[in-house]
Each structure stands twice: as structure tokens, then as C-alpha cells.
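Engineer: Before I ask anything, here is the structure I am working with.
The values are calculated or read from the model by the stated rules, or taken from the named source; none is laboratory data. Just so you know, these numbers come straight off a predicted model, no measurement behind them. FYI the Cβ positions are ideal-geometry reconstructions off the backbone, even for glycines, and counts take in every protein chain you see. Just so you know, the surface numbers come from the protein's heavy atoms only, side chains and all, with ligands and any DNA or RNA stripped out. Shrake-Rupley method; radii C 1.70, N 1.55, O 1.52, S 1.80 Å.
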Amino acid sequence: MNFDLTEEQQAVRATFARFCDQRIAAQAAALDEARAYPRELMAELAGLGMFGMRYPEDAGGSGMGLTEFCVALQEVARGSMSLAGAAAMQSLMGTKFLHMLGNGDIMERLFKPALRGEKTGAICMTEPNAGSDLGGIATNATKVDGGYLINGQKTWITAAPVADFFTVFARAGEEKKLTIFLVERGFKGLIVGREIHKMGVLALPTSEVAFDNCLVPDSHRLSEEGDGEAHLKKTLAEIRIITGAMGLGVARAALDEAVRYASERKQFGKPIDRFQAIQFKLAEMATQLEAATQLVYYAAWLCDAGRPHHKQAAMAKLFATEAAAEICDQAARILASYGYAMEYPVQRYLRDVRFLLIGGGTSEILKLIIAKEVTA
């Protein structure tokens with residue numbers, strides 16, 4: 001077994017680690033305080049080719065795998081979870097279905113510009129009464145001449161206030177099964193509603209989205225009627241793996257800050273990292289991070305190799321995000337009162353990491369998925 005990164009993967013890590021250290025870290029706190037969508041940094045990520053890493057060259061990408069993307073995303077999350085969330089949306093959830101199912105016009109006018117950072121995409125699945133339960137999705141699409149009329153309400157839509165297009169899951173056809181549609185910003189009947197104020201990831205806006213007889217042309221029905229859930233299942237594992245990768249990034253940032261602080265803070269005449277109580281915390285945090293790293297990259301490797309990986313993706317997301325939450329909490333404990341101070345970044349890590357425990361499936365849902373695989 002070889003656990004080393006390839007030369008290409010090492011180059012990816014070096015590029016995005018440098019970008020994190022030189023460009024993201026210095027702005028992360030200001031972005032958080034301003035609650036401002038990181039447009040400038042997103043443009044710079046587009047220039048680095050991040051949004052197209054996982055797409056083939058003939059589609060405007062660079063033809064890399066999920067592993068390379070996780071390497072890059074982990075480094076971005078180490079600097080800013082808001083930026084990492086925006087980049088993940090743009091690179092996968094906001095564009096994947098356009099690449100899988102879009103026609104030539106959609107590819108040229110929306111997909112390729114999105115990879116260049118010129119257009120912003122979002123995905124609309126969650127509803128007031130439908131989160132983990134896809135069967136609860138009530139948004140419907142009624143066939144009319146030339147297209148569909150979509151009616152319904154979505155909530156917790158990441159990047160909705162700034163999005164140029166939306167991948168929408170709605171029920172269509174005689175059997176009213178999930179179908180995927182593409183709705184552009186200017187379509188009549190699309191309503192981007194109130195912004196949802198969150199405790200973390202403050203530079204990544206989230207809002208409600210409604211559809212009031214929103215007319216979507218036939219050309220913008222991405223999937224066949226009723227095929228939406230099947231296409232979604234092909235992508236869910238990837239979403240879970242990259243969410244785990246973001247957990248690795250914020251956990252690394254929290255651990256690094258705890259190590260730095262513990263080496264500088266003196267009590268009873270010596271740095272606190274000389275005390276066994278602090279050493280135990282740091283040891284446990286480092287071990288959790290190492291275990292999470294192996295799970296995430298093993299799941300990514302399985303995905304790239306075309307091997308079964310849905311169970312491993314659920315395990316990776318479950319363990320990595322829960323470990324990240326624990327590491328951020330322990331870092332705050334090591335900093336004590338300074339872990340509660342806004343001038344130190346640990347409070348931001350502690351707030352932002354909660355974002356990862358929800359997106360891609362809650363820990364409880366993931367446990368059910370894993371248990372089903374284990375007992376099958």
C-alpha cells in the first residue's frame with residue numbers, strides 16, 4: 001500500500017496551501033465580520049482552475065480526480081470555511097448536473113463561464129418540510145406548452161442571493177417523481193426570498209427561494225421525468241467526501257492555533273504545552289485528525305478508482321465532521337478565555353464547523369446509512 005500523494009497531488013497541495021497562507025488567512029476574519037460574499041477570492045480560485053478540477057478538459061476543466069479536489073478544498077477550508085463552502089458549491093453541487101445533463105447551449109452559456117468564475121450556481125433541494133427526507137419534497141412542475149410551470153418553496157439554499165442559475169429538484173410527470181430543472185436568475189416567477197442569518201459561515205449567504213408559476217422551457221429540464229433521485233444518488237457520495245475534506249481543513253487550523261497558543265502561553269512559570277493535561281488534549285486532537293484524514297482520502301481514492309464507495313463516503317463524512325467539531329471545541333478549551341474572544345480565530349472555527357454537521361446528511365442519517373450497509 002502506498003499512502004503518499006502523487007507528484008501532481010503534492011503540487012496541488014503546495015499551490016493551495018500557499019494561496020491559503022498568502023491570500024485567504026489575512027482576509028478571513030474581515031470577510032466574516034463584513035458578511036461579504038468573497039467575490040475577489042472566488043475569482044482568484046477560478047484563476048487557479050479550482051472550479052474545473054474535476055471536469056474533463058473538453059468541458060473546460062483540467063481532468064483531475066476527486067482526491068486532487070479534496071486536497072485543494074482542505075487547504076481552502078483551513079483559511080476560510082465560507083470560501084471553502086462557496087468553492088464547493090461552485091465546483092460540484094452548483095455545476096455537476098449541468099455537466100451531466102445539460103445541452104450544448106447550457107454548457108457554453110452557463111457551465112463553462114461558471115468554471116471561469118463568471119457565473120455562480122446553486123442547488124435547490126431542501127424545503128421547509130423536506131431535508132433528509134427526499135420523499136417530502138413538495139415543489140411540483142406541471143407540463144405546459146413549451147415547458148413546465150414550477151411552484152413551491154425551497155429553504156437553506158446556499159449562495160442563492162448571488163446565484164445566476166439554480167439546479168432545482170421538483171416533482172413532475174404522471175407519477176410526480178423527482179425531476180431536475182435548471183432555472184436562470186431572470187426567469188419570471190423565481191423569487192429569491194429572505195436571507196437566513198446563521199451563527200457561522202457568515203460570508204456565504206443562504207436564503208429561501210420560491211417558485212410562483214415559474215416558467216421553465218423544455219430545454220431546461222435536465223433529467224428525464226422521474227430520474228432526479230437516481231442522478232442525485234450518483235453525487236451524494238462525492239458531496240459527503242468533500243464535506244469531510246472541509247472538516248480536515250478547519251480541524252487543522254484549530255489544531256495549529258492550539259499548538260501555537262499552548263507553546264506561548266505561560267502559567268506557573270512555564271508554557272502550558274509542558275503540562276500533561278494540555279499534552280493529552282493535543283495528542284487526542286492530532287490522532288482524531290489523522291484518522292479522519294485517512295478515512296476521507298480512502299473514500300476519495302475509491303471514488304476515483306470507480307470502486308464501491310457509498311459506505312466509506314458516509315463513514316468519512318460522519319467521522320471527519322464530528323472529529324472536526326471536537327477538535328475545534330478542544331482548541332477553544334486550550335485557549336480558555338481567549339477561545340471565547342473574537343480577536344482569536346478559534347471562535348470562528350467553532351462556529352463554522354457546525355455547518356459541516358448538517359450539509360451532506362446529518363450524523364444521525366449517516367449512521368442509518370452505514371448501519372444499513374453493514375447489516376445488508
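Engineer: Using a 1.4 Å probe on the protein chains only, how many percent of the accessible area of the range 33-83 belongs to carbon and sulfur?
Structural biologist: Carbon plus sulfur share of accessible area: 44 percent.
Engineer: In whole angstrom, note down how far apart the Cα centers of the range 9-62 and the range 173-199 are.
Structural biologist: Result: 27 Å between the Cα centres.
Engineer: For the chain, what is the relative contact order in percent, using Cα pairs closer than 8 Å and at least 6 residues apart in sequence?
Structural biologist: Relative contact order for the chain comes out at 16 percent.
Engineer: Name the trypsin sites (Lys or Arg not before Pro) in the range 183-246 that are in a loop by DSSP and that have at most 15 other C-beta atoms within 10 Å, would you?
Structural biologist: Passing sites in the range 183-246 are Arg185, Lys188.
Engineer: If the cut-off is 17 Å between C-alpha atoms, which aspartates and glutamates fall inside it for Lys119, apart from same-chain ones fewer than 8 positions away?
Structural biologist: Reachable aspartates and glutamates: Glu40, Glu44, Asp105, Glu108, Asp164, Glu184.
Engineer: Starting at the first residue of the range 125-131, write each ³J(HN,Hα) from the Karplus equation 6.51 cos²θ - 1.76 cosθ + 1.60 with θ = phi - 60°, in whole Hz, x for Gly and Pro.
Structural biologist: 10, 4, 10, x, 10, 8, x
Engineer: For the range 53-174, what relative contact order do you get, as a whole percent, if you take Cα pairs closer than 8 Å and at least 6 residues apart?
Structural biologist: Relative contact order for the range 53-174 comes out at 21 percent.
Engineer: Shifting gears a bit: Quick one: 3J(HN,Hα) in Hz for the range 160-172, Karplus 6.51/-1.76/1.60 with θ = phi - 60°, rounded, Gly and Pro as x.
Structural biologist: With the stated coefficients, the range 160-172 comes to 4, x, 10, 6, 9, 8, 10, 8, 10, 9, 9, 8, 9 Hz.
Engineer: So which of Lys198/Lys317; Lys112/Lys233; Lys154/Lys281; Lys198/Lys367 end up more than 30 Å apart, counting from Cα to Cα?
Structural biologist: The answer is Lys154/Lys281.
Engineer: Further, regarding this structure: Whole number in Å², please: accessible area per residue of the range 160-212, 1.4 Å probe, ligands, DNA and RNA not counted.
Structural biologist: Counting only protein heavy atoms, the per-residue value for the range 160-212 is 40 Å².
Engineer: Of the accessible area of the range 294-338, with the probe set at 1.4 angstrom, what percent is carbon plus sulfur?
Structural biologist: The nonpolar share, carbon plus sulfur, comes to 56 percent.
Engineer: Using only alpha-carbon positions, what ratio does the radius of gyration of the range 53-167 give when scaled by 2.2 N^0.38 Å?
Structural biologist: 1.17
Engineer: Next question, about the same structure. Measure out, as a whole number of angstrom, how far apart the alpha-carbon centroids of the range 111-139 and the range 254-329 sit.
Structural biologist: The two parts, judged by their Cα centres, are 30 Å apart.
Engineer: Here's something else I'd like to know. Kindly report the accessible area of the range 1-146 per residue (heavy atoms of protein chains, probe 1.4 Å, no ligands, DNA or RNA), in Å².
Structural biologist: With all protein chains present, the range 1-146 gives 43 Å² per residue.
Engineer: Leaving out ligands and nucleic acids, note down the accessible area per residue over the range 221-376 with a 1.4 angstrom probe, in whole Å².
Structural biologist: Roughly 49 Å² per residue, with all protein chains present.
Engineer: Rounded to a whole number, what % of the accessible area of the range 103-239 do carbon and sulfur atoms account for, probe 1.4 Å?
Structural biologist: Carbon plus sulfur share of accessible area: 48 percent.
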